[in-house]
1. Enumerate the calculated ³J(HN,Hα) couplings along the stretch B:23-32 in order (Karplus 6.51 cos²θ - 1.76 cosθ + 1.60, θ = phi - 60°), each rounded to whole Hz, writing x wherever the residue is Gly or Pro.
2. Taking the radius of gyration and the Kirkwood hydrodynamic radius from Cα positions alone, what is the Rg/Rh ratio for the stretch B:93-135, to two decimal places?
3. Per residue of B:233-239, what is the mean number of Cβ atoms on other protein chains within 10 angstrom of that residue's Cβ?
4. What do you get for trypsin sites (Lys or Arg not before Pro) in the stretch B:186-257 restricted to DSSP loop and a cutoff of at most 12 other Cβ within 10 Å of the site's Cβ?
5. List the aspartates and glutamates whose alpha-carbon lies under 17 Å from that of residue A:1, not counting same-chain residues fewer than 8 positions away?
6. In whole Å, what is the distance between the alpha-carbon centres of the stretch B:65-120 and the stretch B:231-255?
7. What are the residues whose amide H is under 5 Å from the amide H of residue B:118, where those residues sit 5 or more places off or on another chain and H is modelled from the backbone?
8. Kirkwood Rh, the protein assembly as shown, all Cα pairs: how many Å?
Amino acid sequence: KLSQKSITSFFKPS
Amino acid sequence: MFEARLASSATFKKVLDAIKDLLNEASFDCSDAGIQLQAMDNSHVSLVSLNLKSDGFEKYRCDRNLTMGMNLASLSKVFRCSGSDDTVTIKAQDDADTVTFMFEAKKQEKISDYEMKLMNLDQEHLGIPETEFSCIIKLPSGEFARIVRDLSQFGESIVISCTKEGVKFSTQGDIGTGNVKLAQTNNFDKEDQSVIIDMQEPVSLTFSCEYLNSFTKATPLSNQVTLSLCDNVPLVVEYQIPDLGHLKYYLAPKIEE
C-alpha cells in the first residue's frame, strides 16, 4: 500500500 | 512605492491559471530582484514556486521589500477584465492594504483600473535543499499534459520510470493498466519538440494524478517542461516563462508504508 507523503517531510521551514 | 509594468497581461493571466487550482491565496514577495511566490497547497502535498525577474518587466520599481497577500479567486476576477493584448501595471504604496491593477489597450484607447484589497497571510517559507537529481527529462509540455490526462482516466497514480532507454509513464486501476513510453529524440535543432533525458541513475517513483493534472495548467506558459526525479525526493515540474522567469511545482511522492 502506497501512502502520499507530505511536502513538509522533505522541506523544512527556513 | 511598488510599480511593475508587464507588456502582456495575458502572461500574468496564464500564471494565475496555473496556480489557482492549487492555491486559494498566496503572498507575492516583491523585491529589487522581482516578484516571488512560494506556497503549499491546502493538503501540504505540493509546493508552488514562482519567480518573475524584475528585468522581464517593461518597468519595475520596488523601493522597499513588500509582501502582498492576495486571494487568487479575486485576482482572477480582476484579470478577467483585461484584454488579451493589454499591458498591466501593478502598483502599491509602501505599507498599503490595497493593490491597483491598471490595464491599457495597445493604442491607449481604453484604460481601466481595479483596486483590490490585500490580505495578511501567515505563510511559512520552506527551505528547498539542493538536490543532485538522478534523472532530468525535458519534453514538450503539451505531450506531458496529454500523457497525464490520458493515464488519469485509469488510475489515481502515475509511476514515472526513467532509464537510459527512455521514460515510461504507467498507471493501473479497476479497468486495467496503461503505459506510455517516450524515447529520447534526435531532433536537436527543435529543442522544444524533443524528448531529452539526462540520466545518472535509473529511477522509478509514484505520484498523484490529481496534482500532476493541476500542474499541467501551466502548459500555455511554455512549449517545454522539465521533470527532475530522484529517489525519495519530491518531483520537480518546471515551466520556463520566456524572458520573465519560471514556475516550479514540487510534488511529494507516494511511498510504500
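What follows draws every value from the coordinates through simple rules; no lab data is involved. Because the structure is predicted, anything quoted here is derived from the model rather than measured. Here Cβ is always computed from backbone atoms with ideal geometry, including for glycine, and neighbour counts include all displayed protein chains.
1. Once rounded to whole Hz, the list reads 10, 7, 9, 7, 9, 9, 8, 10, 9, 3.
2. Working: Rg = 19.4 Å, Rh = 14.8 Å.
Rg divided by Rh gives 1.30.
3. Going residue by residue through B:233-239 and averaging, the value is 1.
4. On the way: sites: B:190, B:217, B:248, B:254; in loops: B:190.
Of the trypsin sites (Lys or Arg not before Pro), the ones in loops of the stretch B:186-257 whose Cβ has at most 12 other Cβ atoms within 10 Å are B:190.
5. Excluding near neighbours in sequence, the set is B:156, B:174, B:256, B:257.
6. Measuring centre to centre over Cα atoms gives 27 Å.
7. Amide H to amide H, under 5 Å and 5 or more residues apart or across chains, residue B:118 pairs with B:98, B:99.
8. On the way: mean 1/r = 0.0506 Å⁻¹.
Computed over Cα pairs of the protein assembly as shown, the Kirkwood hydrodynamic radius comes out at 19.8 Å.
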